[in-house]
Amino acid sequence: MQVYLVGGAVRDALLGLAVKERDWVVVGGTREELLRLHYREVGRDFPVFLHPDTHEEYALARLERKVSPGYRGFTVEFGPEVTLEEDLARRDLTINAIAQAADGTLIDPHGGKRDLKARLLRHVSPAFIEDPVRVLRVARFAARFAPLGFRVAPETLALMHAMVERHEIDALVAERVWQETEKALREPRASEFFRVLRECGALKPIYPEIDALFGVPQPAQWHPEIDTGLHTLMVLDQAALLSPLPQVRFAALVHDLGKGTTPVEEWPSHRGHEERSVALLEAMAERLRLPGEYRDLGIIVARFHGVVHRAFELRPKTVLEFLERADAFRRPERFAQALLACEADSRGRTGLENIPYPQRVYLQAARDAAAAIRPSPDDIATHAGAKMAELLHRRRLGAIGEVRERSQAGG
């Protein structure tokens, strides 16, 4: 029985990156041998075991054969007769198909080291087209490694396009699409995930609401970049700079979905796009079974980003109404996240990436000042019901007004 370090740990070490987790492949071994050595079996579809001390994953070398359409249409063969080379050949990208022996020797039958040096994401074999999830994975790796100069190899992009043309990706289930998307949103260049999907033609069938934004113009006065799709990816880039939270990045991504449904005769104006964005997001959330935290934050940003941008034009009464509608008092963390996404929207414009955005500071301070208003014991003794609500409302308006005056005075 021989054990090899494989996959991301080898790749990242060769790139000089921190290795976060290590995976191992066992060649020439059996399930019974590993169980005798007190490994704990956890694999559902094929044998994967946790080391008794390190708890790292060890998988028996295996082969996969395509037997039916879709990403679940595989049979898995494993056993002591499966070689390391056969196991590596089933992997998606050459940079993920490098193994390291116990003595440090690298086994690289598909040129992974070469592609690491060339900064290429290249498929291992023509069998790449058998698994539609690989389209999403390649786009996600592009999002991760774009800051290092990686790009998708032209021949791999061509295979991905062929998979779209053959409707292979239609077999993707909602849970897997979202799983890969959420991972991509955590990557340093999350926008590259959507760029690559669009380049191979996969964005339209997977995220039609986002694809529809490309080619839709906006007023050049406010959007020098013109194209709504380009603006959307620029906003996502800004959100990635402002926050590591994938929820904030997602809200930035979907804030303008309604512009993709604006009638052509109304271009470049997009009146009412906010509520159209909300409707499209709700449909997307149902289709992909999005977690509530992503859906709810996205809806707040889609519905209110225009209000946030105009914050200094609003009277305290309107600001308070907005805070209440955005549930800012009950969900202060989510409100702060929404403001970050709105700032990303403001900065996601050509030549305006570094403009100040005092609206976020003002509205956060207004929310905090209003939330700090509490009834005193005398108030409780002398006011009840509607009178108490009216008193607190009046005081909150006063607190917001004071914050507004300080903001306008530069304080």
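The values are calculated or read from the model by the stated rules, or taken from the named source; none is laboratory data. Predicted model, so just to flag it, every value in this text is computed and none were measured. Please note: Cβ atoms are built from the backbone with ideal geometry, for glycine as well, and neighbour counts cover all protein chains shown.
The figures follow:
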| quantity | calculated |
| --- | --- |
| Whichever residue in the stretch 157-180 is touching a residue at least 60 places away in the same chain (Cβ under 8 Å) and assigned to a helix (DSSP H, G or I) and, among such residues, is surrounded by the most Cβ atoms within 10 Å (Cβ to Cβ) | GLU168 |
| Selection within the stretch 139-174 - under 23 Å from the mean Cα position of the chain (by Cα), modelled with pLDDT of 95 or more and of a type in the set (D, E, K, R) | ARG140, ARG144, ARG151 |
| Qualifying position, being hydrophobic (A, V, I, L, M, F, W, C) and out of contact with any Phe, Trp or Tyr (no Cβ under 9 Å at 6 or more places or on another chain), among ALA366, ALA328 | ALA366 |
| Some residue of the stretch 184-193 being buried (at least 16 other Cβ atoms within 10 Å of the Cβ), in contact with a Lys or Arg (Cβ under 7 Å, 6 or more places away or on another chain), outside any loop (DSSP other than H, G, I, E, B) and acidic (Asp, Glu) | no |
| Failed item, numbered, when VAL19 is tested on (1) among the β-branched types (Val, Ile, Thr); (2) touching an Asp or Glu at 6+ places or on another chain (Cβ under 7 Å); (3) free of Cβ contacts under 8 Å to residues at least 60 places away in the same chain; (4) outside any loop (DSSP other than H, G, I, E, B) | (4) |
| Which listed residue is surrounded by fewer than 19 Cβ atoms within 10 Å (Cβ to Cβ), in contact (Cβ under 8 Å) with a residue 24 or more places away in the chain and either among the hydrophobic types (A, V, I, L, M, F, W, C) or in contact with a His (Cβ under 6 Å, 6 or more places away or on another chain) (or both), from VAL76, VAL124, VAL135 | VAL76 |
| Flag if ALA384 is out of contact with any Phe, Trp or Tyr (no Cβ under 7 Å at 6 or more places or on another chain), modelled with pLDDT under 90 and farther than 24 Å from LEU242 by Cα | yes |
| Pairs, first without any contact (Cβ under 8 Å) to a residue 12 or more places away in the chain in the stretch 185-208, second part of a helix (DSSP H, G or I), C-beta under 6 Å, six or more apart | LEU203/LEU197; LEU203/ASP211; LYS204/ASP211 |
| Helices (runs of 4 or more DSSP H) lying entirely in the stretch 300-402 (those with 1 or more residues that are within 27 Å of ARG249 (Cα to Cα) and in contact (Cβ under 8 Å) with a residue 60 or more places away in the chain) | 316-325, 332-347 |
| The stretch 64-102, subset out of contact with any Gly (no Cβ under 9 Å at 6 or more places or on another chain) and in a strand (DSSP E or B), residue modelled with the lowest pLDDT | PHE74 |
| The stretch 256-275, residues that are in contact (Cβ under 8 Å) with a residue 40 or more places away in the chain and assigned to a helix (DSSP H, G or I) | LEU257, GLY258, LYS259, GLY260, THR261 |
| Count - residues of the stretch 382-411 that are of a type in the set (Gly, Ala, Ser) and under 24 Å from ALA311 (Cα atoms) | 7 |
